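Below: the structure, in structure tokens.
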Amino acid sequence: MQYKYAADANYEDFASGRVIRHKTGGTNFPVRLAQEIFCRCVCYLDVKNSLSVYDPCCGGGYLLTVIGLLNYNSIQTIIASDCDTDAITTAEQNLRLLTAEGINERIKYLHHLHAQYGKPSHSQAIKSAEELNGYINKDRSINVTTFRADILHSGALTDKRFKADIVFTDIPYDNLTAWESDGSATDFMKNLLPVLHPNSVVAVCSNKQQKITADCFTRLEKQKIGKRKFEIYKPREGFL
């Protein structure tokens, strides 16, 4: 795949488990690929700023935290949900890093660890946290909402009052993660409709074996990269 938007840069400051907390059993999503997919989604939108971004399979919130930091000034709202309560707790901690208070708390804690144990990894984590702090615009903030929901359940989002410009998620696959309840990626797509508007775009990442068939969506892109693939969709007229 040819990258159009995300630079071939060093993203080690975003490494899961360094500053951004790692959820045990969760997957690590490549940072450059995450940025590339997000930018491709934005190119399909009429409005490029004050965006609302939702991940219905957020896990520990790693993907949303990375996207939030790299695109701080164009995102107004981040919404995260998952069927796992522990995952939501980790996501809340990670998404707090998108605030000046949250990143400073993390830096203070990393200094405490370094003073107590003196490990080189703690010193590197402090440097990375200070780098990430530079992505935050101190004159504005990103609104963050988290909630528990099983996106495979019909009606999981019918009572929600938000509309997402971009839905971006890495759906469960392989041995690390799995759908908690019976269902499929197609069920997941249909259940997103209550929180979409006519110009929304949906980016779904999975392994190459999972197939998505959803009559209520039009596919805009399909790309394979390594063991993954991603597809970008928009809702079809008349289904919202």
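Largest GNM mean-square fluctuation across Q35, Q116, Q223, computed for the chain with C-alpha springs under 10 Å, falls on Q116.
Put R32, R40 in order of accessible area, highest first, and with a 1.4 Å probe you get R32, R40. Among L64, L45, L95, the largest mean-square fluctuation in a Gaussian network model of the chain, built with springs joining Cα atoms closer than 10 Å, belongs to L45. Its Cα gyration tensor gives the stretch 44-168 an equivalent ellipsoid, and the semi-axes of that ellipsoid, as √(5λ) in whole Å with the largest first, are 29, 18, 10. A Förster radius of 41 Å combined with the Cβ-Cβ distance from K190 to Y109 puts the calculated FRET efficiency at roughly 0.45.
How much accessible area per residue does the stretch 107-240 have, in Å², with a 1.4 Å probe?
56 Å²
What does the extension gain come out to for C216 and F239, with contour length at 0.36 nm per residue minus their alpha carbon separation? Display every interim value, and only then the final one.
Details: separation 23, 0.36 × 23 = 8.28 nm, distance 0.59 nm.
Extra length from C216 to F239 when fully extended: 7.7 nm.
The alpha-carbon positions of the stretch 1-110 define a convex hull whose volume is 113 Å³ per residue.
Note on E131 and K119: the model spin-label points, each 7 Å out from Cα along the C-beta direction, lie 1.9 nm apart.
Between F217 and R236, the built amide H atoms are under 5 Å apart, and every one of these is 5 or more places off in sequence or on another chain.
Carbon-plus-sulfur fraction of the accessible area of the stretch 28-134, 1.4 Å probe, in percent?
Carbon-and-sulfur percentage of accessible area, whole number: 48.
If you average 1/r over all unlike Cα pairs in the stretch 114-240 and invert the result, what Kirkwood radius do you get in angstrom? Could the numbers behind the result be given before it?
Values: mean 1/r = 0.0573 Å⁻¹.
Evaluated over the stretch 114-240, this radius sits at 17.5 Å.
Based on C-alpha pairs under 8 angstrom that are at least 6 apart in sequence, the stretch 110-240 has a relative contact order of 20 percent. Amide hydrogen proximity for L51: with H placed 1.01 Å from N in the peptide plane, the residues at 5 or more positions away or on another chain lying under 5 Å are I75, Q76, T77.
Over the chain, the fraction of Cα-Cα pairs per 5 Å bin, rounded to whole percents and listed from the shortest bin up, is 1, 6, 14, 18, 21, 17, 11, 6, 3, 1, 0, 0. Restricting the trypsin sites (Lys or Arg not before Pro) of the stretch 195-240 to loop positions (DSSP other than H, G, I, E, B) with no more than 13 neighbouring Cβ atoms within 10 Å leaves K208, K211, K227, R236. Computed 3J(HN,Hα) for the stretch 194-211, one whole-Hz value per residue from the Karplus formula 6.51 cos²θ - 1.76 cosθ + 1.60 where θ = phi - 60°, is x, 10, 10, 10, x, 9, 5, 10, 10, 10, 10, 10, 7, 7, 6, 7, 6, 10, glycine and proline marked x. The overall shape of the stretch 1-46 is prolate: from the C-alpha gyration tensor, with semi-axes ordered a ≥ b ≥ c, the ratio a/c is 1.5 or greater and a/b exceeds b/c.
The values are calculated or read from the model by the stated rules, or taken from the named source; none is laboratory data. Computed from a predicted structure; not experimentally measured. For neighbour counting, all protein chains shown are included, and Cβ atoms are generated from backbone atoms with ideal geometry for every residue, glycine included. Surface areas here come from the heavy atoms of the whole protein model, side chains and all, with no ligands, DNA or RNA. Shrake-Rupley method; radii C 1.70, N 1.55, O 1.52, S 1.80 Å.
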